[in-house]
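Engineer: The structure follows.
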Amino acid sequence: MVETLKDIVNFASRPEYFFTLVVIFLWISINTRLAKHFWTKRGGLVMLVLITVFLCVSLFDRDFRLIITYPDNVPIVGMLLLVFFFTWLAMYQAFRNDARMAAGGVPVEQETTHDKVFVWPDLLYVEFICGIISSFVLVVWALGLPAPLEEPANPNVSPNPAKAPWYFLGLQELLVYFDPWIAGVILPGFIIVGLMAIPYIDKNPKGNGYYSFAERRFAVTFFLYGFLILWVALIIVGTLLRGPNWNFFGPYEFWDVHKLEALVNVNLSEIIWVQLLRTGLPHNWFVREIFGIVLVAAYLVVLPKILARVWLKGMYEQLGAARYYIMMFLLLVMVATPIKMYLRWLVNLKYIVAIPEYFFNI
Amino acid sequence: MSRAGTDRGGIRQKPAVDHAYNIPRLHKIFFWSALLSLLSIIWWVVDVDYDKPWKRFQRGFMRLQAEETRQAIAAEDKKLAGGSGKQRLDQADAALQAASAELQQRRADVDQAQQRLRRAENALAKVDAENRAARAEYDAFRYGVETTVVEASHDHGAHGSADKKQEKLGRFDERRARAGLQFEEATAERDSAAAEVARLTNALTTAQKQRDALFANRTRLEKRLEGVESNVVNWIRNSPMMDFIAPSLKVQQTVHEDLRFEVNFQTIPRVDRCTTCHLGIDKAGYEDAPQPYTSHPNLDLFLSSRSPHPLEKVGCTVCHSGWDRSTDFKWAAHHPRNEEQAKQWERDYDWHPLHKWDWPMMHGALAESQCYKCHKQDIVLEGAPHLNQGREIFERAGCWGCHKVEGKQGPKVAPSLRYLTAKTRPEWVKQWLDDPTAFRPTTLMPKFFGLSNTNDEYFKRRNDVEITAITHYLFEKSEGNELEPLPARAGDAERGRELVESVGCKACHLVGTEEKPAADTIRQQFGPNLMGLAAKTSSQWVYNWIRDPKSINPDTRMPRLRLTDAEALDITAYLMTLPAAAGFADRPAPESEPQLRDAVTLEYLQTTLSKQQAEIRIARMSEQDKMMFLGEKLVGRYGCYGCHDVPGFEKTEPIGVELTEEGSKITSKFDFGHVHGVPHTRADWIRTKLRDPRIWDYEVIKSPQDKLRMPQFNFTEAQIEAVTTFVLGLVREQVPAAQRKVYDPHEQARNAGMRLVSNKNCLACHPLSGFGGDYARFVDDPALAPPLITPTGAKVQPDWLHDFLAAPSTIRPWLQVRMPTFEFTDEEISLLINMFQGISRVDERYPRFEVAARDAASIQRGRMLFGIHGAPGYELSLSCNSCHPAGRALPTSPMTQWGPNLALAPERLRAAWILDWLRNPAAIAPGTRMPNFFYDGDTPLTENPEQDIQDLRNYLWTLRDPSVQRLSRR
């Protein structure tokens, strides 16, 4: 019975299912009629209890315990709880304000916020106390759970799995699906540029100084998607579910170095020329990759245009062409990430455009 | 100005605002958080940072030392409180009092002298200051003059000022000279005054010094106690935050620039901090102290300053491994001896094996492996019995036949398979290959078939196919031998048994026993166990073989024992009666299944051909072709030719992994397969592999040709441990020449010869430098064992030794065991002679000694001392002849009591050695029957022993008697 349950969890944790499940969960929890039940005090408590029970019960499993209690991984578990708490806190206040405003009231913040306070003691004293408490927590944490310093690294024995610092493990997970320069340079670059661009793209004054979901449905949904799914969930996968040789291991699975996985990935060009057209690959790379190039161009150039005319007409008009196209470009790149991952999972697609002649792969 | 009108002198009043927080509550939060923060910092500084485990160990050792020092002080006090100590103290006190009383009488003189000294010192101080100032000013001004002169030489108008300066410099110089003179005078006056004071107080000072000398030891001990006992000073020195100044608890380390660890494509010096906790390791007297304070068990050889491996020079990790820089039990890479210790360490020290540190510590026996880093050339190394045994087994069991190891080569260890047809039958070979131990339980031949990865139903059939093919190949390739016919008369087995027991066969062969000897050497397994010969070979072959082994196999290691035909026949008769191991006769010889054989042949064909080609090829092959093809492939696969001379494989490379740097191979490169429960260390991998060489195939799915193929050796646990030790010593680490043992020419000669000694198994009979001499256990009387050969180099003449080694002659007719004829080459004999001279550190290659006519009187005296049996004056002599034959004069005692024939001496012995021998025989050959005639220790036993010894030697040199020599050379 227990073993069956473990097998089910192990199976459901495979990247494709895990990813799909969290996406579905996120959608249900914010964009359906059930949403309001998640972001109440009771809902938060139930979710917290569920998470805690899952962690505690799972600790009885040796392999799970080894991964979770590895000193490198402890902060990640802590971070997960914090992310959950702060997400809940924000959404709780947002839903509360939405309810008040729907009833014709004003946001809570408007009623409780003072106009002015003294720098001392209202600001500095509190900051000072926060500093003391933070340093206390950090000292106790550092002493009680010392840094996992080990013997000198042995350059002849590279660690397996070789992992980036935990906060980069989401990016490292992307390396499975993308060419290194995309996963390591382009995508992180877009994340930074995109975050910097938000204030210039988003000129909607609603939600300033108070929490609200109903007024900022599009922005909050995409932010939560980008942060919780593409960053945090991938960190979970990279940290807890990727073992030796970067193979996937369920949370209750032994990290066996010898585990083998069949990897038979093919490029889009091979699918089209070899499997569908049965003509063999053309020698000229441009001809060979023409389908992939057209596809990517259509996705990034044509799609925004169509959307602007059809479904997002209102947004296009509201933002203007420049803002709209910049935002759509960033948004489409963000959406492209899971698209590529799903293509890998479903049809073993290696690259949409593969030009090894110029080290250019998408 | 403009704002002056606002109230309160220009400062605008802030609007009154409520506080956002409850301030008194914030105070409370501040108080508690600050308190917690303080406590956490105290925890951090005092407990975590300060209280390191090694400090606890050092405190423990200091308590131990304090206790010990207190006891020493008490003993010192006791010494001064009674007996001769008290007497000396009383004397010193009395002398002191007397001197002090005497001085009192001359008080006025002393006071005057001391006053004079004080005045002189004051004057000197003043003059000294003046003197130094004068010199400094002169030097500074001189520099100025020099630069002015140089400038003036460029600028012709400036000569005037240069001249003026020169003049002034003269005045400085005068002042300097004057001050110097005053200084010398004042110094002389001071010295004279001081001498006067010393003269007057001399008696008192001496008496005081003498008294202090009695307390010197105690004072030293007290000083030591101050450093180690727990007192306020030490407490402050070692308290948190203060301990950066001069703590007495501190990390101890030795830095070894030239013994380096390899990291990341470079090397770093070893910094051994082991002595931080192992504080008594290099000191005698802590043998019974608890760990970690125990003394090293072999301080004569290691760590102590007088040993060849002092701590400062060698350190710890170069032998014992471990993480040199660590000061924590767990991180030092301590490695438990057994499971039980591991459990205890986990409990006591939170111990676990280190995953990234590849050099876990090695305890005693395993650490011997690291001796090999520097002592590669010593064939047998004193103080490293496990390494010696491991190396011996590695060489003798033929490990190097498959596993290349730099520097290991030599004749193949197992019998040649070139002459099989005359020797044995295919049925026997098949049975033998099936399981060698079923025939001879002690054999060194390993088992290849039916091991843990090849014992299922399929492999049982396949093994038979393989065995049959190998046997077929070997017999087809074998050459014949011309054998002498067996004499018609039947041999006497009983007499044969006596001969086998006595002539020396047992030095290299086990005879009939099914048990392994318990000895830690395998020299008795140099040749095969002589059991079951009747099942294996014919009487005719045995007869021919023991008469002259080289007539059958010119390359054999078996020497000739100069057996007569009758002796050979008797021995043959006896050997043929020795049975094989029980049950061997009932074992069926493996038989090949043609169908399976074809399948295996096809499989091997496919290693180089495509499936289609292989099928065409096999269809064209005859039975014979298939057997020969498969046989050759299998001999190649199993590497039979590594140990045996196999026709067709003379130049083939060995099949195994090269082991030259096995001891440095990183642990993660060892394949532990699916086997769990074996600790991941080199030692454990090698050990486990030796126990079951195919174990890593456990539950691995492989094609038959990919399976592991190392055979199963029939080793005991002790032997496995020894081989593991040796293999761990095969490391990449290069110890620089300066740190390695430097072999002088004598030692080099010894090492070169010792290799031959090892190859010929000499130590199985002869004791040499404290090793070998195993044959002694087969004789009742030590005098009947083969002689000690350690002193040979100093003892015998090289010419004689050369002749003897080329064709041994009888020196000791009472010995039944025979020195075999090895048929050494001249080169080998030179090696041996050089080796013996190297061991004895003798350089003289052409010793010459002649007695001259003028020595006649001495010779006469020698003759009288010697005492020929029955000659006049025999009763007064030393009766040498009662044991030693001297030419024709034979002793009357039974032959077992004889000594060597002294008529051989002038030709055989070195003249100088005879003198040494007579002075103290037991010093050269401990346990010899030769008595001490001339000295008892250092006490002379005769009036003029040196003269007597020389007389005796001179007399011996007259004993040349060709007939005796002929008689003695059999």
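The values are calculated or read from the model by the stated rules, or taken from the named source; none is laboratory data. Just so it is clear, the model here is predicted, and its values are computed rather than measured. Note that each Cβ is placed from the backbone with ideal geometry, even for glycine, and that neighbours are counted across all protein chains shown.
Engineer: Give the range B:253-265 a look and list any residue that's out of contact with any helix residue (DSSP H, G or I) (no Cβ under 9 Å at 6 or more places or on another chain) and at the interface with chain A (Cβ under 10 Å from one of its Cβ atoms), or say none.
Structural biologist: Scanning the range B:253-265 gives B:263, B:264, B:265.
Engineer: Quick test of your reading of the structure: residue B:296 fulfils all but one of (1) under 21 Å from residue B:733 (Cα atoms); (2) buried (at least 19 other Cβ atoms within 10 Å of the Cβ); (3) free of Cβ contacts under 8 Å to residues at least 40 places away in the same chain; (4) under 18 Å from the mean Cα position of the chain (by Cα). Name the failing condition by number.
Structural biologist: Condition (1) is where residue B:296 drops out.
Engineer: Since residue B:324 meets every condition but one in (1) buried (at least 21 other Cβ atoms within 10 Å of the Cβ); (2) more than 23 Å from residue B:681 (Cβ to Cβ), which condition does it not meet?
Structural biologist: The number of the failed condition is (2).
Engineer: Please go through (1) under 28 Å from residue B:412 (Cα atoms); (2) outside any helix (DSSP H, G or I) for residue B:836 and return the number of the only condition it doesn't satisfy.
Structural biologist: Status for residue B:836: all satisfied but (2).
Engineer: Just to be sure, is residue A:111 surrounded by fewer than 15 Cβ atoms within 10 Å (Cβ to Cβ), more than 10 Å from chain B (Cβ to nearest Cβ) and of a type in the set (Asp, Glu)?
Structural biologist: yes
Engineer: Take the range B:230-249 and flag every residue that is aliphatic (A, V, I, L, M) and part of a helix (DSSP H, G or I).
Structural biologist: Of everything in the range B:230-249, those that are aliphatic (A, V, I, L, M) and part of a helix (DSSP H, G or I) turn out to be B:232, B:233, B:236, B:242.
Engineer: Out of the residues in the range A:118-134 that are within 10 Å of residue B:20 (Cα to Cα) and not acidic (Asp, Glu), state the one that is farthest from the other protein chains (Cβ to nearest Cβ).
Structural biologist: A:123
Engineer: Between a first residue in the range B:46-57 that is away from chain A (no Cβ under 14 Å) and under 14 Å from residue B:249 (Cβ atoms) and a second residue that is part of a helix (DSSP H, G or I) and at pLDDT 90 or above, which pairs have beta carbons less than 7 Å apart while being 6 or more apart in sequence or on different chains?
Structural biologist: Filtered contacts from the range B:46-57: B:54/B:276.
Engineer: Now for a different question. Within the set of pairs 6 or more residues apart or between chains, which connect a residue that is in contact (Cβ under 8 Å) with a residue 24 or more places away in the chain and of a type in the set (Lys, Arg) inside the range A:349-362 to a residue that is part of a loop (DSSP other than H, G, I, E, B) and surrounded by fewer than 15 Cβ atoms within 10 Å (Cβ to Cβ) with Cβ atoms less than 7 Å apart?
Structural biologist: So the pair list comes out as A:350/A:265.
Engineer: Can you tell me which residue among A:86, A:54 is within 30 Å of residue A:3 (Cβ to Cβ) and more than 14 Å from chain B (Cβ to nearest Cβ)?
Structural biologist: A:54
Engineer: Out of all the residues in the range A:136-166, which are more than 14 Å from chain B (Cβ to nearest Cβ) and either within 25 Å of residue A:361 (Cβ to Cβ) or in contact with a Pro (Cβ under 9 Å, 6 or more places away or on another chain) (or both)?
Structural biologist: A:163, A:164, A:166
Engineer: Can I ask one more? When the range B:866-910 is examined, which residues are found to be surrounded by fewer than 20 Cβ atoms within 10 Å (Cβ to Cβ), part of a helix (DSSP H, G or I), among the polar types (S, T, N, Q) and out of contact with any Ser or Thr (no Cβ under 8 Å at 6 or more places or on another chain)?
Structural biologist: Matches in the range B:866-910: B:896, B:897.
Engineer: Still on this structure: Might you check whether a residue that is buried (at least 19 other Cβ atoms within 10 Å of the Cβ), in contact with a helix residue (DSSP H, G or I) (Cβ under 8 Å, 6 or more places away or on another chain) and not in a loop (DSSP other than H, G, I, E, B) occurs anywhere in the range B:806-828?
Structural biologist: No, the range B:806-828 contains no residue that is buried (at least 19 other Cβ atoms within 10 Å of the Cβ), in contact with a helix residue (DSSP H, G or I) (Cβ under 8 Å, 6 or more places away or on another chain) and not in a loop (DSSP other than H, G, I, E, B).
Engineer: What's the number of the condition residue B:268 fails, among (1) among the aliphatic types (A, V, I, L, M); (2) more than 14 Å from chain A (Cβ to nearest Cβ); (3) out of contact with any helix residue (DSSP H, G or I) (no Cβ under 9 Å at 6 or more places or on another chain)?
Structural biologist: Result: residue B:268 fails condition (2) only.
Engineer: Among the helices (runs of 4 or more DSSP H) lying completely within the range A:135-251, list those that include at least 1 residues that are at pLDDT 90 or above, among the hydroxyl-bearing types (Ser, Thr, Tyr) and out of contact with any strand residue (DSSP E or B) (no Cβ under 6 Å at 6 or more places or on another chain).
Structural biologist: Output list reads A:187-201, A:217-224.
Engineer: So which residues in the range B:603-648 are in a loop (DSSP other than H, G, I, E, B) and either touching a residue at least 24 places away in the same chain (Cβ under 8 Å) or under 25 Å from residue B:478 (Cα atoms) (or both), if there are any at all?
Structural biologist: Residues satisfying the conditions are B:607, B:621, B:622, B:639, B:643, B:644, B:645, B:646, B:647, B:648.
Engineer: Moving to a separate point now. Sort out which residues of the range A:39-77 are among the aromatic types (Phe, Trp, Tyr) and in contact (Cβ under 8 Å) with a residue 60 or more places away in the chain, and write them in order of number.
Structural biologist: Scanning the range A:39-77 gives A:64, A:70.
Engineer: Could you give every pair whose Cβ atoms fall below 7 Å, whose first residue belongs to the range B:385-403 and is among the β-branched types (Val, Ile, Thr), and whose second residue is part of a helix (DSSP H, G or I), counting only separations of at least 6 or pairs across chains?
Structural biologist: Going by the 7 Å Cβ cut-off, the qualifying pairs are B:393/B:719; B:393/B:722; B:393/B:723.
Engineer: Next question, about the same structure. Checking residue B:356 against (1) in contact with an Asp or Glu (Cβ under 7 Å, 6 or more places away or on another chain); (2) away from chain A (no Cβ under 11 Å), only one condition comes out false. Which one?
Structural biologist: (2)
Engineer: Taking only the range B:296-333 into account, find how many residues are on the phi > 0 side of the Ramachandran plot and within 14 Å of chain A (Cβ to nearest Cβ).
Structural biologist: Of the residues in that region, 3 qualify.
Engineer: Out of curiosity, is residue B:526 out of contact with any Pro (no Cβ under 7 Å at 6 or more places or on another chain) and closer than 26 Å to residue B:628 by Cα?
Structural biologist: no
Engineer: Let me ask another. Specify which of the listed residues (B:194, B:186, B:162) is more than 24 Å from residue B:136 (Cα to Cα) and of a type in the set (A, V, I, L, M).
Structural biologist: Selected residue: B:194, the only one of B:194, B:186, B:162 that is more than 24 Å from residue B:136 (Cα to Cα) and of a type in the set (A, V, I, L, M).
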